[in-house]
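The values are calculated or read from the model by the stated rules, or taken from the named source; none is laboratory data. Quick caveat: nothing in here was measured; it's all calculated off a predicted structure. Every residue, glycine among them, receives a Cβ derived from its backbone with ideal geometry; neighbour counts consider all protein chains shown.
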Amino acid sequence: MLGRRGTLPFLVGPPLAWLVGLFVVPLFVIVLFSLRPESGIVPPGSAWNPSLIQYGKVLDTPAFLRLLGTSALVAFIVAGAATLLAYPVAYFLAFRAGERATLYLTLLLVPFAVSYLLRIMTWKLMLGPAGVINSLLSGAGMIGEPLDLLLYSRPAVVITLVYVWIPFAALPVLAGLQRIQRSQLEAAADLGAGPWARFWRVTVPLSVPGAVAAFFMVFIPTVGEYVTPTLIGGTGGIMYGNLIQGFFGSAGNWPLGAALAMIMLVLTVVLVATAARIVNVRRLLS
């Protein structure tokens, strides 16, 4: 029989190899591409002369940086809205669902069984000029003609992404709420705190780590989102991820696309470190 020392490499080895092969190695290749001075598709076996020219091009192009800032702002709005909307769902599952919590949690996760593209295309139909939302508003006499901002615009991207991320955001919030001990709420009640006082002074502060984790879990991937802006946003809802995809695709400028990706990665790492620090501090305070 294998001892503890022999079992650990056996268990850790395959996931570690998978991580290195599918994450570390591709990331290293992107770094190498970003340090190439030439533009365009780089043929195999070409000479490699490291340079920071591509990073200079990005930093000297205000449009790139503005789009990165816009994408970060959109991601902030989406993450904030998704977290706020997911909080009541998680609260209900943690404190009100009772024995049916498992059933309701399963129903919450049902959308994950549907193709991501199918869900996005459904929202495209709903937000279109003849879609459900415009039809309801028109039938109620609230608008005279279809609203153009509901499709192929940045608000359409925000609405769709908030819908996509709410189930994901509810999970870490739920985990944070489940760590709250009933005795803490009972102690607050014994001290004269009413339901709202217990919620705002006990439940909310103790659930902050889960809410912060949910926020950054949504924020980080949304910064580089490009599928939803392509299908829902059109030219009016383009984001930073579309820029990267364009340079690797139709533009065929891999080094510049790699430099754009690395700049976004650095921003992501900073945000992850910030999130981890905030969560740890909050846990200590709780």
Count of the range 129-149 residues which are among the small types (Gly, Ala, Ser), under 24 Å from Pro229 (Cα atoms), at pLDDT below 80 and out of contact with any helix residue (DSSP H, G or I) (no Cβ under 6 Å at 6 or more places or on another chain):
1
Gly128 passes all but one of (1) loosely packed, with under 14 Cβ neighbours inside 10 Å; (2) without any contact (Cβ under 8 Å) to a residue 40 or more places away in the chain; (3) not β-branched (Val, Ile, Thr); which number fails?
(1)
Looking for whichever is among the β-branched types (Val, Ile, Thr) and in contact with a Leu (Cβ under 9 Å, 6 or more places away or on another chain) here; the options are Val20, Val58, Val25. Which one fits?
Val58
Does the range 66-81 include one or more residues that are within 22 Å of Leu231 (Cβ to Cβ) and among the polar types (S, T, N, Q)?
yes
Restrict the check to the range 61-69 and report whether at least one residue is closer than 16 Å to Pro255 by Cβ, surrounded by 15 or more Cβ atoms within 10 Å (Cβ to Cβ) and within 25 Å of the chain's Cα centre (by Cα).
yes
Those residues that are farther than 19 Å from Leu59 by Cβ, touching a residue at least 40 places away in the same chain (Cβ under 8 Å) and assigned to a helix (DSSP H, G or I), I need them from the range 242-273; list them, please.
Leu271, Val272
Got a number for residues in the range 21-54 being in a loop (DSSP other than H, G, I, E, B) and surrounded by 14 or more Cβ atoms within 10 Å (Cβ to Cβ)?
6
Considering the range 200-241, residues that are among the β-branched types (Val, Ile, Thr) and free of Cβ contacts under 8 Å to residues at least 24 places away in the same chain, and then whichever is surrounded by the fewest Cβ atoms within 10 Å (Cβ to Cβ), we arrive at Val204
Count of the range 150-185 residues which are within 18 Å of Thr230 (Cβ to Cβ) and surrounded by fewer than 16 Cβ atoms within 10 Å (Cβ to Cβ)
0
Just one of (1) more than 27 Å from Thr70 (Cβ to Cβ); (2) buried (at least 21 other Cβ atoms within 10 Å of the Cβ) trips up Leu256, so point out which.
(1)
